[in-house]
Amino acid sequence: MKPFLTISLTLFSIFCVIYAQDQNIENLKTDDKKLLRFGYYIGLNSVGAKMEYLPTTSGQPFRLLVKPKPSFDVGLLADLRINEFVNIRFHPGVAFVEREIRFPFEETPATSILLIERIVKSNYVRFPLGIKLNTRRIRNARPFLMGSMSYNINITSEETNKEDNTSGTFRMKRNMYAWEFAIGTDIYLPYFKFTPSIHGLFALNNEIVPDNDPNSDFTKHIASMKSRGIFLRFTFE
């Protein structure tokens, strides 16, 4: 996730200084006074997971490698102005997430383990609702912070699938609840507002579905798996 974070911060910084502060013309002067605003966004994401484990009988720690793969997300937004500095923002969307799950096993004919690696694709239908805290407008730029709570439906979760890791299926729960934090800058262009922002996602509930056998080597030492991710988003209003 570190290369993705570096690229995200670099792009974010570039977009924030595209329209330098020496601009003489203020665009969309009355735009922020609208009660309701609508728009859409596109973005990139890198989502891994925070893992918690149970102790093993051997004393050797069990550790799962969860490697995030860059993917993308799209969505809409509706913005309600409360006052000059506070907005309520509903920004539903769809996030396409891909993770490589690697188990700490050796692949040998003497075991019943067929695969030690899974490529897990999760398509989340997302419903975040947030509070956006704005600074004062500085010519054609306005930085902000935003905190959100979200309900996410993993439509590819395999939660009800009777097959599990012994047959190559890594199962995750359908429902995921999370809190999110974002930092960004509204950039006022002549005809619309463009907003680059960086979002962090932190799942609150355990998402893993244990294998059918309580003594499965794949899941018996996993206490919880909670998604953690970073999103680079570009919003158009």
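Before moving on, here are some points about what is shown:
- Residue within the stretch 131-141 that is at negative phi, at pLDDT 95 or above and assigned to a loop (DSSP other than H, G, I, E, B) present: no
- The number of residues in the stretch 167-218 being of a type in the set (Gly, Ala, Ser) and not in a strand (DSSP E or B) comes to 3.
- Boolean, Asp79 is surrounded by 12 or more Cβ atoms within 10 Å (Cβ to Cβ), under 13 Å from the mean Cα position of the chain (by Cα) and not in a loop (DSSP other than H, G, I, E, B): no
- Filter result (buried (at least 18 other Cβ atoms within 10 Å of the Cβ), without any contact (Cβ under 8 Å) to a residue 60 or more places away in the chain and more than 12 Å from the chain's Cα centre (by Cα)) within the stretch 167-183: Arg171, Met172
- Residues being more than 15 Å from Ala95 (Cα to Cα), surrounded by fewer than 18 Cβ atoms within 10 Å (Cβ to Cβ) and out of contact with any Leu (no Cβ under 9 Å at 6 or more places or on another chain) - total across the stretch 198-237: 12
- Qualifying residue in the stretch 159-166 (condition: among the β-branched types (Val, Ile, Thr), surrounded by fewer than 15 Cβ atoms within 10 Å (Cβ to Cβ) and part of a loop (DSSP other than H, G, I, E, B)): yes
- In the stretch 35-58, the residue that is modelled with the lowest pLDDT out of those that are outside any strand (DSSP E or B) and over 30 Å from Phe90 (Cβ atoms) is Ser58.
The values are calculated or read from the model by the stated rules, or taken from the named source; none is laboratory data. Note that the structure is a prediction, hence the values are computed from the model and not measured. Cβ atoms come from the backbone with ideal geometry, glycine included; neighbour counts cover every protein chain shown.
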